[in-house]
Amino acid sequence: MTASPETLRDIVVANHILAHEEVVDAYGHISFRHPDDPEKYLLSRARAPELIEADDIVTYRLDGDAIDAGDRRPYSERMIHGAIYEQRPDVNVVIHNHSYEVIPFASTGTPLRPVTHTCAPIGRDIPVWDIRDKFGETNHLVVTMEQGRNLAAALGGGTIALMKRHGCVVTGTTVAETVMKAIYLQVNAKLQLQTMMIGEPDYLTDTEIEECTAMQQAPISLDRAWEVWCRRAAKNS
Ligand code: MN
């Protein structure tokens, strides 16, 4: 089943944005639930996000089996995506990354919470999942559906989960909203660490998180951000 050229273009652009904003490096990926079949998702073959082109996008079943891969090798961690789509019908976009700014919070378990209004969409309670709890000492990659489902369970009804000693998953309903959350999760991690170096952060309250999230995700903010992210990514592709 082929996705539309518009969908393929959105996936390519989202990959380039995440690479340009340094949320991903050689690793990390973004998938879309297939717009025409909720039991499938679209994800690039194993390739660094900044290099991805439309021809790299493969269709997978939720269990991780590729439908049209041909000789295109899949990401070993694709199970992250299918397991989350399986558990969360409301999720249409999944990002997995190893953001260097986020890792310290993922490794210590120090709660990552919004320190400024633009970062409100990351939410109040971000769980930390540890592969070691159920699977012991591994190479930390999520390579089976059992591991993926365990991660999805830790995500619960939220939109972000940190992965101890590894990275995070960021989920959402639209591509722009999810990319924004992944970018600002990284921004918040950097600002929170800087804040903690000189004092105690005075975090947004629950009401402020709600108010600021509504503002950030409204077209007036989201469209403006998406336009400049696209422009910056295009200059480098
Ligand atoms: Mn990974």
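The values are calculated or read from the model by the stated rules, or taken from the named source; none is laboratory data. A quick note: this is a predicted structure, and the numbers were derived from the prediction, not measured. Every residue, glycine among them, receives a Cβ derived from its backbone with ideal geometry; neighbour counts consider all protein chains shown.
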Residues of the range 196-220 being in a helix (DSSP H, G or I) and surrounded by fewer than 16 Cβ atoms within 10 Å (Cβ to Cβ), in sequence order, are Met196, Met197, Ile198, Asp206, Thr207, Glu208, Glu210, Glu211, Ala214, Met215, Pro219, Ile220
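Any residue at all in the range 80-92 that is surrounded by 15 or more Cβ atoms within 10 Å (Cβ to Cβ), at positive phi and at pLDDT 95 or above?
No, there is no match, as no residue in the range 80-92 is surrounded by 15 or more Cβ atoms within 10 Å (Cβ to Cβ), at positive phi and at pLDDT 95 or above.
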Please state which of the following conditions Thr178 fails to meet, knowing it meets all the rest: (1) among the hydroxyl-bearing types (Ser, Thr, Tyr); (2) within 23 Å of Glu101 (Cα to Cα); (3) surrounded by fewer than 20 Cβ atoms within 10 Å (Cβ to Cβ). (3)
Close pairs (6 angstrom Cβ cut-off, 6 or more residues apart or separate chains): closer than 20 Å to Asn97 by Cβ in the range 140-153, more than 16 Å from the ligand (Cβ to nearest atom) and modelled with pLDDT of 95 or more anywhere: Asn150/Lys134; Ala152/Gln87
Odd one out for Thr138, checked against (1) surrounded by 16 or more Cβ atoms within 10 Å (Cβ to Cβ); (2) outside any helix (DSSP H, G or I): (1)
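Here's the yes/no breakdown for (1) crowded, with 20+ Cβ neighbours inside 10 Å; (2) under 17 Å from Arg232 (Cβ atoms); (3) modelled with pLDDT under 95:
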position	(1), (2), (3)
Ala14	yes, yes, no
Ala26	no, no, no
His29	yes, no, no
Pro38	no, no, no
Among the candidates Arg72, Arg113, Arg124, which residue alone is in contact (Cβ under 8 Å) with a residue 24 or more places away in the chain, out of contact with any strand residue (DSSP E or B) (no Cβ under 6 Å at 6 or more places or on another chain) and surrounded by fewer than 18 Cβ atoms within 10 Å (Cβ to Cβ)? Arg124
Please return the ranges of strands (runs of 3 or more DSSP E) entirely within the range 1-120 where 1 or more residues are within 16 Å of the ligand (Cβ to nearest atom). 29-33, 40-44, 93-97
Being aliphatic (A, V, I, L, M) and at pLDDT below 95 narrows it down to one of Ala69, Ala54, so name that one. Ala69
